[in-house]
Amino acid sequence: MASGSKKAKQESTFEDSYSRLEGILEKLESDDCSLEETIKLYEEGLALTRYCYDKLNNAELRIKEISRNSKGDIELKEHK
């Protein structure tokens, strides 16, 4: 993957990445792709899947860091 593509992926949002992944799946299911295009789309899809999975994992960890303090108030611990 070219560094420009990698940088663009890092700057994209979860929603943008998920939307692109949905588009890739639709294209792959349409049977309108050459073998070479299918392979490229598959590789991009895998990278997007990993990116989305990591984003969801990080969000889950941040949510789990929410706890109640001694007064019973909800507080968010600093995410490291």
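Brief remarks follow.
- Just one of the numbered conditions (1) touching a strand residue (DSSP E or B) at 6+ places or on another chain (Cβ under 6 Å); (2) at pLDDT 75 or above; (3) not charged (D, E, K, R) is not true of residue 49: (1).
- Applying a threshold of 7 Å to beta carbon distances and a minimum spacing of six or more residues, or different chains, the list of pairs starting in the stretch 62-77 at a residue that is among the β-branched types (Val, Ile, Thr) and ending at one that is modelled with pLDDT under 65 and in a strand (DSSP E or B) reads 74/68.
- Within the stretch 13-25, residues that are in contact (Cβ under 8 Å) with a residue 24 or more places away in the chain reach partners that are outside any helix (DSSP H, G or I) and surrounded by 14 or more Cβ atoms within 10 Å (Cβ to Cβ) with beta carbons closer than 9 Å, at six or more positions or on different chains, in the pairs 20/12.
- Qualifying positions in the stretch 22-49 - of a type in the set (S, T, N, Q) and surrounded by fewer than 13 Cβ atoms within 10 Å (Cβ to Cβ): 30, 34
The values are calculated or read from the model by the stated rules, or taken from the named source; none is laboratory data. Keep in mind the model is a prediction, meaning the values are calculated, not measured. Cβ coordinates were reconstructed from backbone atoms using ideal geometry, including for glycine residues, and neighbour counts include every protein chain displayed.
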